[in-house]
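The values are calculated or read from the model by the stated rules, or taken from the named source; none is laboratory data. Remember, predicted model here, so these are calculated numbers, not experimental data. Methodologically, a virtual Cβ is constructed for each residue, glycine included, from the backbone with ideal geometry; neighbour enumeration extends over all protein chains shown. Surface accessibility is based on the protein's heavy atoms, side chains included, excluding ligands, DNA and RNA. Shrake-Rupley method; radii C 1.70, N 1.55, O 1.52, S 1.80 Å.
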Amino acid sequence: METELGSKDYFRAITGLPISTYFSAFKFKWLYENVKEVQAAVDGGQACWGTVDSWLIFQLTGGRRGGLHITDVSNASRTMLMNLATCQWHDPFLPLFHMTREALPRIVSNAEVRGRE
């Protein structure tokens with residue numbers, strides 16, 4: 001299996017996924033490189049990024065008034081940014097997509113109650 005940058009399998013050993021525009025990391029990369037407001041928000045530390053589940057949880061737990069920015073392993077694994085061995089964001093891949101750890105949701109278990117007051 002080829003593992004050099006540019007190979008379709010470059011990410012597979014860490015994420016289990018081939019390079020594909022289906023996964024959200026590439027969608028974010030495109031937005032960062034083509035939408036100046038997204039780039040400004042990311043560069044200014046004002047961006048949050050995640051999948052639909054993280055947006056719903058954020059909104060349902062208070063949104064900008066303290067909502068939880070979290071996701072579970074099953075959703076995080078489909079972004080192409082999560083290390084399957086550690087179940088955490090894979091820091092070496094983040095700069096390839098102009099992503100920061102601070103912009104990503106915290107990866108949590110989906111077998112626990114979250115957001116209860």
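Charge tally around V35: other residues with Cβ under 14 Å, Lys/Arg +1 each, Asp/Glu -1 each, net 0.
The charge dipole of the chain, taken about its Cα centre with unit charges on the Cβ atoms of Lys, Arg (+1), Asp and Glu (-1) only, comes to about 280 debye.
Each label point was placed 7 Å from the Cα along the Cα-to-Cβ direction; for T100 and Y22 their separation is 3.2 nm. Between L84 and R64, the FRET efficiency from the beta-carbon distance, with R0 = 35 Å, is close to 0.60. Label-to-label distance for L56 and K29 is 2.8 nm, based on points extended 7 Å past Cα in the beta-carbon direction.
Surface composition of the chain: carbon plus sulfur atoms hold 55% of the accessible area, using a 1.4 angstrom probe and ignoring ligands, DNA and RNA. What number comes out for the charge environment of F93, summing +1 per Lys or Arg and -1 per Asp or Glu over other residues with Cβ under 13 Å away? So the environment of F93 carries a net charge of +2.
3J(HN,Hα) along the stretch 43-55, derived from phi through the Karplus expression 6.51 cos²θ - 1.76 cosθ + 1.60 where θ = phi - 60°, amounts to 5, x, x, 10, 9, 10, 9, x, 9, 4, 4, 5, 5 Hz, with x in place of Gly and Pro. Distant-in-sequence amide contacts of V108, defined by a placed amide H-H separation under 5 Å and a gap of 5 or more residues or a different chain, comprise T71, D72, V73.
With the convex hull drawn around the C-alpha atoms of the chain, the volume per residue stands at 104 Å³. Accessible area ranking (1.4 Å probe, heavy atoms, ligands and nucleic acids excluded), largest first, for C87, C48: C48, C87.
Rolling a 1.4 Å probe over the heavy atoms of the protein chains gives the chain an accessible area of 64 Å² per residue.
Placing D43, D53 in order of accessible area, with the largest value first and a 1.4 Å probe, yields D43, D53.
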